[in-house]
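Remarks on the structure that follows.
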Amino acid sequence: MKTISNTGIAERAIPSREIGEAAPKVAPKYRQVYEDLLSSIQAGIFQPGDRLPSEAELGERYQTSRITIAKAVNELQLQGLVSRRAGSGTHVLLPPAASGHLFGLLIPDLGRTEIFEPICHGMMQSPLSKPHSLLWGHSMGEASQQEKQAEHLCHQYISQKVSAVFFAPIEFSPTKDEVNARIVEALDRARIQIVLLDRCFARYPLRSKYDLVGIDNRRAGYLITQHLLGHGIKRIAFVAKPFSATTVDERIAGYREALMAYGISLQEDLVRKGDPEDPEFIRKLITECRPEGIVCANDFTAAKVMAGLASQGIQVPEEIRIVGIDDVKYAGLLPVPLTTQHQNCADIGATAMTTMLQRLQKPDLPTRDILLQTNTVVRRSCGTHLPNHHQS
């Protein structure tokens with residue numbers, strides 16, 4: 001995939017590897033199988049229409065389990081390289097048209113929110129992206145300027161007649177709903193397809209009519225809250241910034257479901273929205289909620305809450321346990337390494353590319369939510385290492 005930045009918009013190159021990210025020593029076995037099968041497809045050993053060996057045959061060839069083989073083949077399917085049909089096996093699909101598409105990347109938070117660069121990198125590393133080109137740009141100014149530049153970029157894409165746009169709606173602005181609506185309406189009028197990245201712009205639990213690729217935020221909120229509950233922490237607050245994306249409302253829903261599952265009454269609402277860098281907000285959080293633990297809407301908020309608690313002499317995790325969601329690159333480098341829900345941003349990017357190509361090929365497909373799962377990464381901030389923690 002060729003990337004072409006738009007002039008007039010602040011730019012930042014997408015790195016091939018995140019700073020400080022160590023090169024993997026040995027790839028997981030399923031990944032080794034995936035890479036080998038991918039190379040065979042790309043080299044023409046397996047032609048379009050060919051049937052791949054059965055999972056049992058591949059397991060014997062690679063000396064591994066059928067579960068590992070199924071995971072590798074599923075990865076090929078997610079990339080749109082093979083199709084799997086019960087009774088007929090797994091077949092290699094035709095490669096994408098050589099002419100290629102021109103895509104627009106409309107992510108106002110690119111360079112500001114840590115998840116988007118690895119999402120874009122995953123998009124470009126997808127085998128399906130090779131014939132295509134990507135226009136991109138972002139703003140780093142204040143919210144009002146960011147909104148103007150996002151709308152300007154939208155109209156640039158329309159004038160450049162892009163095939164489709166990957167759009168991550170604006171957040172943290174009182175007027176975000178109106179701006180996001182104007183952007184998608186303009187793209188609709190130009191008959192440009194849209195795939196949403198990470199978030200929808202419709203108020204939760206409503207949904208827009210566009211495909212969305214991200215994580216299962218409600219389940220992420222449930223799992224990270226359950227982690228604290230399972231270690232005996234019962235009085236748990238939830239902290240988020242005002243005007244956050246709908247993903248935060250989904251995470252709050254998951255947090256509340258976890259409390260209910262553990263028999264904790266929701267009559268006292270411990271959800272607090274405010275500026276985590278404001279000492280008064282932190283003071284009220286402590287005095288009004290009296291939390292044993294805090295689930296933060298994301299890792300950035302968690303880092304700011306930690307700093308706010310430290311400034312008021314409260315130790316994490318000895319006095320209050322903290323967890324986040326996202327597992328951004330600095331989560332493990334905080335003064336108290338952060339327990340969080342990890343999302344695979346590269347997989348989100350690759351899946352978004354597959355979704356977009358499917359949408360362009362079949363515009364009448366039903367609207368889809370393609371939600372990847374997360375896993376809990378346990379570090380010191382949740383306090384499970386403390387000698388006096390107990391499981392319920």
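Quick check on my filter: what residues within the stretch 321-346 are of a type in the set (A, V, I, L, M) and either over 20 Å from Leu229 (Cβ atoms) or surrounded by fewer than 24 Cβ atoms within 10 Å (Cβ to Cβ) (or both)?
Val328, Ala331, Leu333, Leu334, Val336, Ala346
For the subset of the stretch 219-242 comprising residues that are in contact with a Pro (Cβ under 9 Å, 6 or more places away or on another chain) and of a type in the set (Lys, Arg), which member is surrounded by the fewest Cβ atoms within 10 Å (Cβ to Cβ)? Once the filter is applied, the top-ranked residue is Arg235. Selection within the stretch 184-199: residues that are among the aliphatic types (A, V, I, L, M) and over 27 Å from Ile252 (Cα atoms). The member of this set that is surrounded by the most Cβ atoms within 10 Å (Cβ to Cβ) is Leu187.
Of the residues Ala202, Ala253, only one is assigned to a loop (DSSP other than H, G, I, E, B) and surrounded by fewer than 22 Cβ atoms within 10 Å (Cβ to Cβ); which? Spell out the reasoning first.
Values: Ala253 fails: assigned to a loop (DSSP other than H, G, I, E, B).
So the residue among Ala202, Ala253 that is assigned to a loop (DSSP other than H, G, I, E, B) and surrounded by fewer than 22 Cβ atoms within 10 Å (Cβ to Cβ) is Ala202.
All of (1) surrounded by 15 or more Cβ atoms within 10 Å (Cβ to Cβ); (2) of a type outside the set (Val, Ile, Thr); (3) in a helix (DSSP H, G or I) hold for Ser40 with one exception: (1).
To keep it simple, each residue is scored yes or no on (1) surrounded by fewer than 17 Cβ atoms within 10 Å (Cβ to Cβ); (2) part of a loop (DSSP other than H, G, I, E, B); (3) in contact with a Cys (Cβ under 8 Å, 6 or more places away or on another chain).
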residue: Gly49; (1), (2), (3): yes, yes, no
residue: Arg61; (1), (2), (3): yes, no, no
residue: Ala72; (1), (2), (3): no, no, no
residue: Glu75; (1), (2), (3): no, no, no
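With respect to (1) touching a Pro at 6+ places or on another chain (Cβ under 6 Å); (2) under 30 Å from Phe300 (Cα atoms), the lone exception for Gly100 is condition (2). Checked against the criteria, Gln341 counts as outside any loop (DSSP other than H, G, I, E, B) and modelled with pLDDT of 95 or more. Residues of the stretch 63-99 that are on the phi > 0 side of the Ramachandran plot and modelled with pLDDT of 85 or more: Gln63, Gly89.
Count of the stretch 157-183 residues, restricted to those that are crowded, with 16+ Cβ neighbours inside 10 Å and among the charged types (D, E, K, R), is 2. If the condition is being on the phi < 0 side of the Ramachandran plot and in contact (Cβ under 8 Å) with a residue 60 or more places away in the chain, then the stretch 165-191 contributes Val165, Phe166, Phe167, Ala168, Pro169, Ile170, Glu171, Ser173, Pro174, Lys176, Ile183.
The values are calculated or read from the model by the stated rules, or taken from the named source; none is laboratory data. Remember, it's a predicted structure, so these values are computed and weren't measured experimentally. Glycine gets a Cβ as well: all are built from the backbone with ideal geometry, and neighbour counts include every protein chain shown.
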